[in-house]
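Please read the structure below before turning to the comments.
The values are calculated or read from the model by the stated rules, or taken from the named source; none is laboratory data. None of these values were measured; they are calculated from a predicted model. Cβ coordinates were reconstructed from backbone atoms using ideal geometry, including for glycine residues, and neighbour counts include every protein chain displayed.
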Amino acid sequence: MLSRAATSKLSPVLSTSLSSSAGNISAFSTISTRTRTTSRRVFKTGASQSSRNMSDSATFAKGKPEDEWRAVLSPQQFRVLRQKGTEPAHTGQYDKFKAQGVYECAGCGTPLYKSTTKFDSGCGWPAFFDAIPGAINRHDDISLGMVRTEITCAACGGHLGHVFKGEGFPTPTDERHCVNSISLKFKDE
């Protein structure tokens, strides 16, 4: 059963149908059909964009074929950067790291974040409130059944993490770039 808050975020037709037809099987099957159709459309769109980002190395200035990425990245880096994985929270070397310098893409060495934009969000991954202009790309990510904003290296397409907005952190942008440590390497100033 959906909570009132969750139901209020649904479309008016779906919300009304859910609240007025708890025992009505035919109404449920109509809702179920609409949901499957919508999910299928969204999934197809997301899947084609995702495969385009991961396989078309010609799109990126520092793109390489998959076998070359496997040769230069550790298995863990490959899983996160090239296969859009996530490292476990509180395990990355840069979560609590504090030093002055620049965080670069671990795949291609492109500068992504300045240490002056890093802050402690308590989320278990390095958090930044802004990237170096032009260094990252943003994409819709629907892999968990919700829309999130994925961030990737603009030069090589490597997966970095996700951006979250409006969480109320006292930063100039009110954004949290939640980045996998394994996607980064640090360079002293």
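Among the candidates 187, 98, the residue that is of a type in the set (Lys, Arg) and over 28 Å from residue 65 (Cβ atoms) is uniquely 98. Only a single criterion out of (1) closer than 17 Å to residue 185 by Cβ; (2) in a loop (DSSP other than H, G, I, E, B) is not satisfied by residue 63, namely (1).
Yes/no per residue for (1) at pLDDT 95 or above; (2) of a type outside the set (Val, Ile, Thr); (3) not assigned by TED's automatic domain parsing to the domain that holds residue 106:
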{"residue": "149", "(1), (2), (3)": "yes, no, no"}
{"residue": "153", "(1), (2), (3)": "yes, yes, no"}
{"residue": "158", "(1), (2), (3)": "yes, yes, no"}
{"residue": "163", "(1), (2), (3)": "yes, no, no"}
{"residue": "167", "(1), (2), (3)": "yes, yes, no"}
{"residue": "174", "(1), (2), (3)": "no, yes, no"}
{"residue": "177", "(1), (2), (3)": "yes, yes, no"}
{"residue": "184", "(1), (2), (3)": "yes, yes, no"}
